[in-house]
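A quick write-up on the structure given underneath.
The values are calculated or read from the model by the stated rules, or taken from the named source; none is laboratory data. Just so we're clear, the structure is a prediction, and the values are computed from it rather than from any experiment. Here Cβ is always computed from backbone atoms with ideal geometry, including for glycine, and neighbour counts include all displayed protein chains.
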Amino acid sequence: MVRARREEEAAEDVARDNARDAALVERLKGGDARALDELFRRHRDAAYGIAYRLVGSREDALDVVQEAFIHVMRGIQTFRGQSAFRTWLFRIVTHASLDYRRWRSLRAAESLDAESASEPAAGPTQRTPQEEAADRDLREAIDSAFANISEKNRAALVLFAIEGMSYKEVAEVLGISVGTVMSRIFNARQRLRELLASEIG
Amino acid sequence: MKRERVSDDMDCEEIRTLLAGYADGEVSPIEKDAVASHLEQCGRCRQVVRDQQRVQHVLDAYQPPPVGEDAWNGIARRLKAEMTGKADPTVLKTRARVEGLDPTPTSQTPLASGEARTSGRIGRDATPTPRLRLTTTVTAAPTLAILVARPRKHRAAFGWVAHAVGAIAACLVVGLGLAAMWSDQAPPLEPGAMARQDDVVILEVQLVDENYSVALYSGDSDDVAAVWLVPNEAEG
């Protein structure tokens, strides 16, 4: 009973958020810069969470977020509202992140600078004291493990595990079936289980 | 996927496709019952579910490194500049041709008008960089008037003259339009530039080294479809 009520409230929250996004999208289509700013502030953390998990570093993730919102700004007239804005945005962030990784790989391959090519995947430059105190070993282990699972499986797991999206939402973002989402998440976690065996027992 | 047709006597191979969903509470009641029934008698699959939940638990507790408000505000300022600096809010079209690597089919329909905009990156590219020439062909929207010379019935003897005049006029208009499109050129794009054309969006151009840059290119507004390695043009 309590769980059902919570789910109902959560659904109402989502509907309210989507309605707010839809209103902002309409204002943005009309050229309102403040609407873009509010959309950015509402979704920047989620976009960053996805991008970080997919590109593996804070700075690169911020670049991806910026580019994704520029893409939103430029492509907003093509957004017909058939899916939630959040779904559309996450699709852009996901694709931009995966391409960013490919671009980085290409750049590393082209470069003769071995130091640059071996740059650590995660290199936050503005760490807080709390972050310093966090379990760095586990973070690095997870970062490294994520880098070793396939892009497709990683994207599905990131959207579900990091952003808390449902399988259905992940399927919408990635343009695949719910069954495929389930399979990819399963495979991604099995692979992580192998890679993190020493860390998580 | 036939997700509702789940039998009670599924083997491990079949049940495996549902274990992630079971661990995440993302299966239907029928599937849930079938998996639970299987797990009662299969220790191996029970272990797989525990592994799935354990990895998920680790991921739940894990957060990416935090981002300071300064960094967010920097991006917000950049977005605002992009937004307010836009001269024409309507969707413009550009024919983008990268020197030596034309991203567009040569048979593509001539485009109407264009934009070429530069975009910076956060705390990067502070040093001067070689210019990448992305040749953009920009014209005013072509309004091709198709002239049809319709001979009058009572002057049928001169009908062929009217047809010839009409054909020449139409060729002239089309020729002038094409000449204008291919002659106008927008300024070269900086690394980080964005351009748009009919069904191609160059999302970003980034410098690789002094010789090459990379353009991220999207087939439509949603999907990034390709990456081009593009030779730079030395700044003249």
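Yes or no: region A:145-158 includes at least one residue that is surrounded by fewer than 22 Cβ atoms within 10 Å (Cβ to Cβ), assigned to a helix (DSSP H, G or I) and within 8 Å of chain B (Cβ to nearest Cβ). There is no residue in region A:145-158 that is surrounded by fewer than 22 Cβ atoms within 10 Å (Cβ to Cβ), assigned to a helix (DSSP H, G or I) and within 8 Å of chain B (Cβ to nearest Cβ). Here is the figure for region A:23-52: residues that are in contact with a Leu (Cβ under 8 Å, 6 or more places away or on another chain), facing chain B (nearest Cβ under 7 Å) and within 19 Å of B:Asp60 (Cα to Cα) total 1. For region A:62-82, a residue qualifies if it is aliphatic (A, V, I, L, M) and either touching a residue at least 24 places away in the same chain (Cβ under 8 Å) or more than 9 Å from chain B (Cβ to nearest Cβ) (or both), and the qualifying residues are A:Val64, A:Val65, A:Ala68, A:Val72, A:Met73, A:Ile76. The set of residues in region A:149-171 being out of contact with any helix residue (DSSP H, G or I) (no Cβ under 6 Å at 6 or more places or on another chain) and of a type in the set (Asp, Glu) consists of A:Glu169 alone.
Checking the stated criteria, B:Ala23 turns out not to satisfy the condition of being within 38 Å of the chain's Cα centre (by Cα) and within 7 Å of another protein chain (Cβ to nearest Cβ). Applying the criterion of being surrounded by fewer than 17 Cβ atoms within 10 Å (Cβ to Cβ) and modelled with pLDDT of 90 or more to the residues of region A:159-201, the residue that is nearest to A:Tyr48 (Cα to Cα) is A:Ser166. Does any residue of region A:11-18 turn out to be surrounded by 20 or more Cβ atoms within 10 Å (Cβ to Cβ) and outside the structural domain of A:Leu157 (by TED's automatic domain parsing)? There is no residue in region A:11-18 that is surrounded by 20 or more Cβ atoms within 10 Å (Cβ to Cβ) and outside the structural domain of A:Leu157 (by TED's automatic domain parsing).
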